[in-house]
Amino acid sequence: MSQLQIRQDDLTGRKVANLLQEHLENIKKITPPESIHALDLQALRSPDIIFWTAWEDDELLGCGALKELDSRSGEVKSMRTAKVHRRKGVASKILEHIIAEAEQRSYERLNIAFIS
């Protein structure tokens, strides 16, 4: 098995769209409507958002995004691990990648909201 690779993604692939759809459906099931802040595909294509996917060969393992709030802060968005790859450290690797990008941008604050 090859090593996990994190790539910037243009959100055009079917596998990515399916994973994000699963993410949105799950959020809607477990979150009150007034508390839903998850972004759909179109919103994730905003110029102030960078979206990454994690892959092993051609298998999508998970995703995550960084939204710039202002020049000093950002927000983690759309963190999701494919069901069959949960508890393998995929989300940790994606989050480490997002944090590294925030540090490179010299952000002083990085927001994240967790839903279990």
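All of the numbers you see were taken from the coordinates with simple rules; none came from a lab. No experiment lies behind these values; they were computed from the predicted model shown. Ideal geometry is used to build each Cβ from the backbone, glycine not excepted, and the neighbour counts take in all protein chains shown.
The residue list SER46, LEU110, HIS23 was ranked by how far each Cα lies along the charge dipole of the stretch 5-111 toward its positive end, using unit charges on Cβ atoms, and HIS23 comes out on top.
The candidate values were (1) 0.95; (2) 1.13; (3) 1.02; the one computed from these coordinates for Cα Rg over 2.2 N^0.38 Å carries the label (3).
By DSSP, the beta bridges lying fully in the chain are antiparallel in about 85 percent of cases. The helix-based estimate of mean residue ellipticity at 222 nm for the chain, built from -39,500 (n - 2.57) per DSSP H run of four or more residues and divided by its residue count, is -9500 deg cm²/dmol to the nearest 500. With a simple spin-label model that places each label point 7 Å from the Cα along the Cα-to-Cβ direction, the separation between LEU95 and ARG72 comes to 2.5 nm. The label-point distance for THR31 and ALA43, in a model that sets each label 7 Å from Cα toward Cβ, rounds to 0.7 nm.
Computed on the stretch 34-107, with alpha-carbon pairs under 8 angstrom and 6+ residues apart, the relative contact order is 26 percent. Add +1 for every Lys or Arg and -1 for every Asp or Glu among the other residues with Cβ under 14 Å from the Cβ of LEU110, and state the total. Local net charge: -2.
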